[in-house]
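Step one of this worksheet: look at the structure below.
The values are calculated or read from the model by the stated rules, or taken from the named source; none is laboratory data. This structure is a prediction, so every number in the text was calculated from the model and none was measured. Positions of Cβ are generated from backbone atoms using ideal geometry, with glycine treated the same way; all protein chains shown enter the neighbour counts. Heavy atoms of the whole protein, side chains included, go into the accessibility calculation; ligands, DNA and RNA do not. Shrake-Rupley method; radii C 1.70, N 1.55, O 1.52, S 1.80 Å.
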Amino acid sequence: MSLSLKKATAYTVGLGLVVASLAACSSSSTSSTGTATGGSGGGSGQLIGVFMPTTQLPRWNRDGDELKKDLTADGYKVSVQYADNKNDQQISQIETAINDNAKVLVIASIDGTTLGPTLAKAKAKGIKVIAYDRLILNTPNVDYYDTFDNQKVGTLQGQFIVKQLGLDAGKGPFNFEAFAGSPDDNNAAFFFKGAYDVLKPYVDSGKLVSVSGKWPKTVDDWKQIGILGWGSDKAQAEMENRLNSFYTGGKKVQVVLSPNDSLALGISKALQNAGYTAADFPVLTGQDADQANTVNILNGLQSMTVWKDTRAEAKQAAKMVKEILDNTTVDVNNTTDYNNGVKVVPSFLLAPQVVTKDTVQSILVDSGFWTKKDLGLS
Ligand code: BGC
């Protein structure tokens, strides 16, 4: 992986000492699924702390629920915490779990560059750490990483655009707008790099025209078009701004690179408000197969999503927890690519998959990810 992770240190914010009591944590936690002990799996009620960024983005709710279910079935006591996308709140939640002698921390970080001091405390108590979905940077105290192949997500989005527009058959030029994910999310760099590498030749040859001029000059400049916190509203406002400023006099946008579904939702709304319909909708990418986006795909208001089966990701993390606590070999499939600035973190990468209107049924419904009813199909 050629992307420099060192740059991420620029995001390190000065952390005050966070002294978290259990009471402070529960009052600052906007949403928690609470604690459950269960199962017959032999986990002997050991405490596992699970930390998700926010309940506001659909996928993290499912991740939290699945992790709770799988770990409880293995016999662990599980505490799942959501932090309303507030980094200090997440740190305070993690510190509480350390004070409570959790055995393993499973963390989907909000700002993965800021957890060093907290994880040093975990290390001092022998607590193991799994970075969940997002790599935790600049600390030696992260033991494993469980994620999807993030760069592949972007590659699939780029390849979809090339195929859909017939760029290799010489079609074009097409009016093109690009978006990137949250600048504080390490994954966003990989998503963008995957797509950038595929699309750059077509921008350079003039087949994709960056009408707003916002296509970054180099891949490392992606943060210029990043949407902080992955907010739908912010993406909608940015798309509206571009439409109002650059698409006047009948000029139409024909393709939009969106790194995920929360952004695509806002972008799709902006396009619909500007009068685009399924008949002239631009090619629009996404990621996560969120419910509203899947419905949009069925209605021609988004072209594709890159699906990451979060149930499989949660299962893999639960398996890692068990392997760690059973003192057996932890199953990883990548020991070279994920350097967090201090060390290469042994990783398990799952494979993302493209979903279009034609495959919603066979991929998302048949696998039970969504029911027909969820998608308004019955
Ligand atoms: C995840 C995506 C998600 C995004 C916003 C990323 O780190 O990998 O699945 O869409 O965060 O929550």
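The set of residues in segment 99-117 being in contact (Cβ under 8 Å) with a residue 40 or more places away in the chain and of a type in the set (A, V, I, L, M, F, W, C) consists of A102, V104, L105, V106, I107, A108, I110. Among the residues making up segment 191-206, those that are in contact (Cβ under 8 Å) with a residue 24 or more places away in the chain and either within 16 Å of the ligand (Cβ to nearest atom) or open to solvent by 50 Å² or more (accessible area, probe 1.4 Å) (or both) are F191, F192, K193, G194, A195, D197. Residues in segment 52-87 that are of a type in the set (S, T, Y) and in contact with a helix residue (DSSP H, G or I) (Cβ under 9 Å, 6 or more places away or on another chain): T54, T55, Y76, S79, Y82.
Where strands (runs of 3 or more DSSP E) sit wholly within segment 119-190, those with at least 3 residues that are more than 12 Å from the ligand (Cβ to nearest atom) occupy 128-132, 174-178.
Scan segment 222-250 for residues that are under 15 Å from the mean Cα position of the chain (by Cα) and either of a type outside the set (A, V, I, L, M, F, W, C) or open to solvent by less than 10 Å² (accessible area, probe 1.4 Å) (or both) and the total you get is 4.
On the basis of being part of a helix (DSSP H, G or I) and open to solvent by 20 Å² or more (accessible area, probe 1.4 Å), does K269 make the cut? Criteria met by K269. For first residues located in segment 239-251 and in the same structural domain as A270 (by TED's automatic domain parsing) and among the aliphatic types (A, V, I, L, M), partners that are part of a helix (DSSP H, G or I) and open to solvent by less than 80 Å² (accessible area, probe 1.4 Å) and lie 6+ apart or on another chain with Cβ distances below 8 Å form the pairs M239/G266; M239/I267; M239/A270; M239/L271; L243/A270; L243/L271.
Against the test of being more than 16 Å from the ligand (Cβ to nearest atom), aliphatic (A, V, I, L, M) and within 24 Å of the chain's Cα centre (by Cα), the options V253, V219, V209 yield a single qualifying residue, V219.
Going through (1) within 21 Å of the chain's Cα centre (by Cα); (2) at pLDDT 95 or above; (3) open to solvent by 30 Å² or more (accessible area, probe 1.4 Å) one by one, D337 falls short only on (2).
Scanning segment 355-374 for residues that are surrounded by fewer than 18 Cβ atoms within 10 Å (Cβ to Cβ) and in contact (Cβ under 8 Å) with a residue 40 or more places away in the chain yields a count of 4. The single condition among (1) within 11 Å of the ligand (Cβ to nearest atom); (2) open to solvent by less than 10 Å² (accessible area, probe 1.4 Å) that N85 does not meet is (2). For segment 98-118, filtering for residues that are in a helix (DSSP H, G or I) and open to solvent by less than 10 Å² (accessible area, probe 1.4 Å) leaves 2. The number of residues in segment 309-334 being more than 19 Å from the chain's Cα centre (by Cα) and in a loop (DSSP other than H, G, I, E, B) comes to 8. The sole residue among D280, D288 that is within 14 Å of the ligand (Cβ to nearest atom) and either open to solvent by less than 20 Å² (accessible area, probe 1.4 Å) or in the same structural domain as L208 (by TED's automatic domain parsing) (or both) is D288.
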